[in-house]
Amino acid sequence: MAALCTNLAKLCPVQVGLLQERIMLVDRSDNILDTTTKKDAHLLRNIKEKKGGMLHRAFSLFLFTSDNKLMVQQRSSEKITFPELYTNTCCSHPLSTIPAEQDPVTGVKHAAIRKVEHELGIVDIEFEDIKFLTRIIYYGASGEEWGEHELDHVLIVKKDVKYEANPNEVKDVRFVGREELDDFMANEKEFPVTPWFKLIAGSDSMLKKWWDNLDDLDKLCDSEIHEFSFPPGNGL
């Protein structure tokens, strides 16, 4: 624990403060089991060793413009997990301390509205703009101390918005066309991506199917929970 505290002291104090927010631990059917801090949920040793692997509820929002370009962000260098990696528009967690964010469907939408304003200064998105698509479970390590093990609700918005990135959260913003996606994903040297974005947007991806049906997404919505990867050494 002393080594961890030393490392925390070297990290951005704003981001360290956010580690105290409380999020929801869930089972593999997305039922709430308990709450915990972001710090405890993202410590790699907890993910690998604790029963359930610290699986927690999260969301990934994909925002498309009216001309069908995807807004992607590069996470800031201050981020504790996956710094400077590119990812979808906004990824975060509903908080257990906010009653409106506790419901498994409406809660993640409320959380998404809160976080796009925090990270990107976007205030144009309303609850009705957000479409729920599906859920995925994935695991990813970020260095030797931190990681993710999330039950991720995928949300899509198609809307033109104004944005002003929060530099503590976002280093860069880009708009990627459907025809540019493969080249973007293949250029890992210039555009390294988060593990969840790689799963969703990689070759043969869900994202391409959604992209091709942005004006008729209802037929692609499902209630399934798609499991992609598991923490090593955890029997779950």
Kindly state, to the nearest 0.05, the FRET efficiency for Glu227 paired with Thr35, given R0 = 30 Å and r defined as their beta-carbon distance. 0.85
Treating only the Cβ of Lys, Arg, Asp and Glu as charged (+1, +1, -1, -1), what charge dipole size does the chain show about its Cα centre? Round to the nearest 20 debye. 680 debye
Can you bin the range 126-219 into rounded, prolate or oblate? Criterion: square roots of the alpha carbon gyration tensor eigenvalues sorted a ≥ b ≥ c, rounded for a/c under 1.5, prolate for a/b above b/c, oblate for the rest. rounded
Just the accessible area for Asp160, please: 1.4 Å probe, Å², rounded to the nearest 10? 90 Å²
Could you work out what % of the accessible surface of the range 122-236 is carbon and sulfur, using a 1.4 angstrom probe and leaving DNA, RNA and ligands out of the count? 45 percent
If you count only protein heavy atoms and use a 1.4 Å probe, how large is the accessible surface of Trp196, to the nearest 10 Å²? 10 Å²
Just going by the charge dipole of the chain, with Lys and Arg at +1 and Asp and Glu at -1 on Cβ, which of Gln73, Val176, Thr194 is farthest out on the positive end? Thr194
Restricting attention to the range 165-229, which trypsin sites (Lys or Arg not before Pro) occupy a DSSP loop and are surrounded by at most 16 other Cβ atoms within 10 Å? Lys189
If you fit an axis through the alpha-carbon atoms of helix 106-120 and take the longest principal axis of the Cα set of the chain, what angle between them do you get, 0 to 90°, nearest 10? 90 degrees
Of Leu25, Ile137, Leu85, which is farthest on the positive side of the dipole of the chain, counting Cα position, with +1 on Lys and Arg Cβ, -1 on Asp and Glu Cβ, and the Cα centre as origin? Leu25
Using helices alone, what [θ] at 222 nm do you get for the chain, with -39,500 (n - 2.57) per DSSP H run of 4 or more residues, divided over all residues and rounded to the nearest 500? -6500 deg cm²/dmol
On a 1.4 Å probe surface of the protein chains, which of Asp183, Asp216 comes out largest in accessible area, and what is the full order? Asp183, Asp216
With the cut-off at 1.5 for a/c, could you classify the range 43-199 from its C-alpha gyration tensor as rounded, prolate or oblate? oblate
Between Asn166 and Glu144, what length in nm is gained on full extension when 0.36 nm per residue of separation is reduced by their alpha carbon distance? 5.2 nm
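The values are calculated or read from the model by the stated rules, or taken from the named source; none is laboratory data. This is a predicted model, so every value here is computed, not measured. Positions of Cβ are generated from backbone atoms using ideal geometry, with glycine treated the same way; all protein chains shown enter the neighbour counts. Keep in mind that these areas ignore ligands, DNA and RNA; they rest on the heavy atoms of the full protein, side chains included. Shrake-Rupley method; radii C 1.70, N 1.55, O 1.52, S 1.80 Å.
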